[in-house]
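So the structure is just underneath, and the comments pick up after that.
Coordinate-derived values only; no laboratory data. These numbers were taken from a predicted model, which means no experiment stands behind them. Methodologically, a virtual Cβ is constructed for each residue, glycine included, from the backbone with ideal geometry; neighbour enumeration extends over all protein chains shown.
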Amino acid sequence: MHVIAGPTGVGKSASATALARVTGAPVVVADRLQCFTDIATTSARAGADAPGVTRHWLGDRTVADGDLPAGEAADALVCLVRSLSASEPFVIVEGGSISLLRALAARLPSLPWQLSVRVLDLPVYDDYLATLTRRAHTMLAPPAPDRSLLEELATLWSDPGHRFFAASVNGFEAVLECCAKYSLDVETLHKQKVPVQILDRMAKLIGARHAEHGILQHRVFTELFTPLHAHPVFDLAPIGAAA
């Protein structure tokens, strides 16, 4: 099992896709939010599929199904890797969910798989923030037929029972803050002609919140997985040569 962990927006999916194309290995996405198909744009699940690569999520659920606790997600991850490893010599796990990867790291000593880990680096902060802000602009106004972050938020906000969940999601909470500041109606926001300067403000705020979270992710993953580098890791060369 090869784990690719790292902050949001630094290329985990691209790295996993590139390795999968070389090795022929399946990819398992260790991300709790990306299980929710009704927030695919906000969670960055949309667009992750790549030709020639088999990518598995931990489930296909909606917000109405309720949150996916870290322990339950870790159980699903281990079961999925175990199932795939019955027929695959090598499985790639990519993700950035702190709670899920903490739970996985705690279980690693009891798991039978050879392991290698790559924690992706943080870019220079200004470059990182610019990248995340550009990504936020795309989430706010994605190419058709993808739903926008604003549309996903409006759908959730129309059900009062989903508002607590929505307000806890990075991206949504930044937009909600802007809606409160500029007196915008959340449920019809995606249908309004929002001034460009407000959309820019939303994108910058989303980017800043994601950057803040990314710094935390990098620190946690480095602490979790650096000790593993003291042990022999899985040699990828034979797999790449055989693929």
Please report, in Å, the Rg and the Dmax of the chain, where both are computed over Cα atoms only.
-> 18.6, 59
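About the Cα centre, and with charges only on the beta carbon of Lys, Arg (+1) and Asp, Glu (-1), how big is the dipole of the chain? Nearest 20 debye, please. Mind dumping the intermediate values first?
On the way: 21 positive and 25 negative charges, 59 e Å.
Here the chain has a charge dipole of around 280 debye.
What's the extension gain from Ala144 to Ala14 if we count 0.36 nm per residue and subtract their Cα-Cα distance?
On the way: separation 130, 0.36 × 130 = 46.80 nm, distance 2.17 nm.
Value of the extension gain: 44.6 nm.
Got the relative contact order for the chain handy, in percent, Cα pairs under 8 Å and 6 or more residues apart?
Numbers: 345 pairs, mean separation 71.6, N = 243.
Relative contact order of the chain: 29 percent.
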Would you list, by chain and number, the aspartates and glutamates whose Cα falls below 15 Å from the Cα of Lys181, excluding same-chain residues fewer than 8 positions away?
-> Glu173, Asp200
With a point put 7 Å past each Cα toward its Cβ, work out how far Lys191 is from Ala86 in nm, to one decimal.
-> 4.9 nm
Setting aside same-chain residues fewer than 8 positions from Lys12, which lysines have a Cα under 30 Å from its Cα?
-> Lys204
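Over segment 1-134, what is the mean sequence separation of C-alpha contacts under 8 Å (at least six apart), divided by residue count, expressed as relative contact order in percent?
Values: 188 pairs, mean separation 57.3, N = 134.
Relative contact order here is 43 percent.
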Computed FRET value (nearest 0.05) for Arg134 with Ala180, which takes r as the C-beta separation and R₀ as 30 Å | 0.75
Over all Cα pairs of segment 125-213, how is the pair count split among 10 Å bins, expressed in % and running from 0 up to the last occupied bin?
-> 18, 53, 27, 2
